[in-house]
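Sharing a structure below in structure tokens format, with a few things to ask.
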Amino acid sequence: QSEFYYAALKASELALGSTQENHLKLKAFYLKVTCLLKTGDYRSALDVSLDALSISATENDVLSFMYSQAEAHLRLKEFSSAKTTLRKIIAIDAGYRLAKERLDRLNAI
């Protein structure tokens, strides 16, 4: 199980290299960013999130990758950047519960 995220990371990279379809790339990006967050490679997770945002077509995709950016910033202790990203998420969707809760916790610090 300890190698699960590394194997999934490799699978996501293979998937990204084998398709030109954006909806499949977005799925691979989501798997990749999740694995990077789980393995502690937060800088790479930020980069992947930015790459994914550049091809995101739906609001759900945008919000998901923005939230992953905020999560990476939090884990890097970049609280100001995390707050900025969470505020942008809330501006897009005021009902995005996870973003509100995270921002409230950050503001309490």
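Calculate the dipole size of the chain relative to its Cα centre from +1 charges on Lys and Arg beta carbons and -1 charges on Asp and Glu beta carbons; express the result in debye to the nearest 20.
It works out to roughly 340 debye.
Could you report the accessible area of Ile90 in Å², rounded to 10, computed with a 1.4 Å probe on the protein chains as they sit in the structure?
Accessible surface of Ile90 is approximately 40 Å².
Quick check: the angle from helix 4-17's long axis to the longest principal axis of the chain, C-alpha only, nearest 10 degrees?
70
Taking a ≥ b ≥ c as the square roots of the Cα gyration tensor eigenvalues, with a/c under 1.5 meaning rounded and otherwise prolate when a/b beats b/c, else oblate, which class fits the chain?
oblate
Also: Loop only per DSSP, at most 15 neighbouring Cβ atoms within 10 Å: give me the trypsin sites (Lys or Arg not before Pro) in the stretch 40-83, ordered by residue number.
Passing sites in the stretch 40-83 are Lys77.
Can I ask one more? To the nearest µm²/s, what D does Stokes-Einstein give for the stretch 1-56 at 10 °C and 1.306 mPa s, using the Kirkwood radius over alpha carbon pairs as Rh?
The estimated diffusion coefficient comes to 143 µm²/s.
Quantify, in whole percent, the carbon and sulfur part of the accessible surface of the stretch 1-92 (1.4 Å probe; protein heavy atoms only).
53
Rounded to the nearest 500 deg cm²/dmol, what is the calculated helix-only ellipticity per residue at 222 nm for the chain, with -39500 (n - 2.57) per DSSP H run of length n ≥ 4?
Dividing the helical sum by the residues of the chain leaves -26000 deg cm²/dmol.
Considering only Gly95, Val62, Leu36, whose Cα is most displaced toward the positive end of the charge dipole of the chain, charges sitting on Cβ of Lys, Arg (+1) and Asp, Glu (-1)?
Value: Gly95.
Once both axes come from the Cα atoms, what is the angle between helix 59-75 and the longest principal axis of the chain, in degrees from 0 to 90, rounded to 10?
Taking Cα atoms only, the helix is inclined about 80 degrees.
Taking a probe of 1.4 Å, how large is the accessible area per residue of the stretch 46-109, in Å²?
It amounts to 55 Å² per residue over the stretch 46-109.
Measure nothing but the geometry: give the 0 to 90° angle between the long axis through the Cα atoms of 79-92 and the longest principal axis through the Cα atoms of the chain, rounded to 10°.
With both axes taken from Cα atoms, the answer is about 90 degrees.
Also, quick follow-up: If packing is taken as the average number of other Cβ atoms within 10 Å across a peptide's residues, how do 36-42, 48-54, 94-100 rank, most packed first?
48-54, 36-42, 94-100
The values are calculated or read from the model by the stated rules, or taken from the named source; none is laboratory data. Here the structure is a predicted model, which is why all the values come from computation and not from measurement. With ideal geometry, Cβ positions are generated from the backbone for all residues, glycine too; neighbour counts draw on all protein chains shown. Side chains are part of the model used for accessible areas, which takes the heavy atoms of the whole protein and leaves out ligands, DNA and RNA. Shrake-Rupley method; radii C 1.70, N 1.55, O 1.52, S 1.80 Å.
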